[in-house]
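See structure below.
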Number of protein chains: 2
Amino acid sequence: MTTPDNPMEIAFALAAEAAAAGEVPVGAVIIRDGRVLATGRNTMRETGDPTAHAEFNAIRAALAADGTGRLADCDLYVTLEPCTMCAGAIAQVKLRRLYYAAEDPKGGAVDNGVRFFSQPTCHHAPEVIGGVSASRAGEMLRKFFAERR
Amino acid sequence: MTTPDNPMEIAFALAAEAAAAGEVPVGAVIIRDGRVLATGRNTMRETGDPTAHAEFNAIRAALAADGTGRLADCDLYVTLEPCTMCAGAIAQVKLRRLYYAAEDPKGGAVDNGVRFFSQPTCHHAPEVIGGVSASRAGEMLRKFFAERR
């Protein structure tokens, strides 16, 4: 699978797929050498697994596709700032770069909350590029929650 | 499966099993209503999955066994203080109590590091009982690393 110029487009498509399935719209994609290694979207409701966040699903799929246990040459694109659990997982698998769209002041752990990648107990920090298409991702989330109120 | 008076004994047995398999010795067990719901041990090496920590494996097994996605009436016993990723997962699945043995000043996220359960972006904090059989767990870890030097 080749990758479009902006891999965040793939993440947005996955977020839309999540919304259509009644899940909070978050999508993620992992890129290696300009190609898609793995994708993930939020499946918490469908699977009954509160740990099934988009980026965690993408990481697990990438580990399965790769087989070496290390994703040090891979970049992650996700439509929402990762939570503490997912930031921890990103450090564990040593992802190279993290691109995220909307910030999450309530649950984020990168530029909000515990800011894990800046802490001494974080043993690998990716390069972080936040706020990529943030308003589009924020709008998608607001629309989802507004429709369910 | 009935549970012994001290469920941490089960976690220690799983940690020993991990060591015998060449894994860093950490074991975990999840208890509901006085019975074992699920167990896990470190399988990072064997599975090539750096997220396959003992307590994360136990949480996934418990979710699979339970099916509701919530473990709010469950207690987790683990031989090492959980890391940031695992502390995040514990909050996500809303475990009631966390018993851990050895502290982990370098990677822990409960009484060290980001102290996640005390942070405003943590939306569920378990009751924490740390230091249960800590010296025994610490000795097990020291022995494992000393033999590999």
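The values are calculated or read from the model by the stated rules, or taken from the named source; none is laboratory data. What you are looking at is a predicted structure, and each value in this text was computed from that prediction instead of being measured. Cβ: placed from backbone, ideal geometry, glycine included. Neighbour counts: every protein chain shown. Heavy atoms of the whole protein, side chains included, go into the accessibility calculation; ligands, DNA and RNA do not. Shrake-Rupley method; radii C 1.70, N 1.55, O 1.52, S 1.80 Å.
Okay, here's what the table says:
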item	result
Label spacing, shortest first and in nm, from residue B:147 to its equivalents in the remaining copies (7 angstrom along Cα→Cβ)	5.6
Interface residues in segment B:69-113 - accessible area drops by 30 Å² or more relative to the isolated chain, probe 1.4 Å	B:69, B:84, B:85, B:92, B:106
Per-residue [θ]222 nm for the protein assembly as shown (sum of -39500 (n - 2.57) over DSSP H runs n ≥ 4, rounded to 500)	-11000 deg cm²/dmol
Nearest-first distances (nm) between copies at residue B:70, label 7 Å from Cα via Cβ	4.3
Lysine pairs within the protein assembly as shown, Cα separation less than 19 Å, 8 or more sequence positions apart or different chains	4
Gyration tensor over alpha-carbon atoms, segment B:1-104, equivalent ellipsoid semi-axes in Å	19, 15, 13
Shape category assigned to the protein assembly as shown from the gyration tensor of Cα positions, a/c cut at 1.5	prolate
Beta bridges per DSSP with both ends in the protein assembly as shown, % antiparallel, nearest 5	60
Beta bridges per DSSP with both ends in chain B, % antiparallel, nearest 5	60
Position residue A:20, label points 7 Å along Cα→Cβ, spacing to each other copy in nm (shortest first, one decimal)	5.0
Net charge dipole size for the protein assembly as shown [Lys, Arg +1 and Asp, Glu -1 on Cβ; Debye, nearest 20]	120
Shielding by partners - mean other protein chain Cβ count within 10 Å, residues of B:114-124	5
Where rotation carries A onto B, the chain A residue whose Cβ is nearest that axis, in whole Å	A:114, 2
Label point distance in nm, residue B:68-residue B:146, each placed 7 Å from Cα along Cα→Cβ	4.5
Computed accessible area, residue A:122, all protein chains, 1.4 angstrom probe, square angstrom	20
Spin-label model distance (nm) - residue B:134 vs residue A:96, 7 Å beyond Cα toward Cβ	4.2
Prolate/oblate/rounded label for segment A:75-131 (Cα gyration tensor, a/c 1.5)	oblate
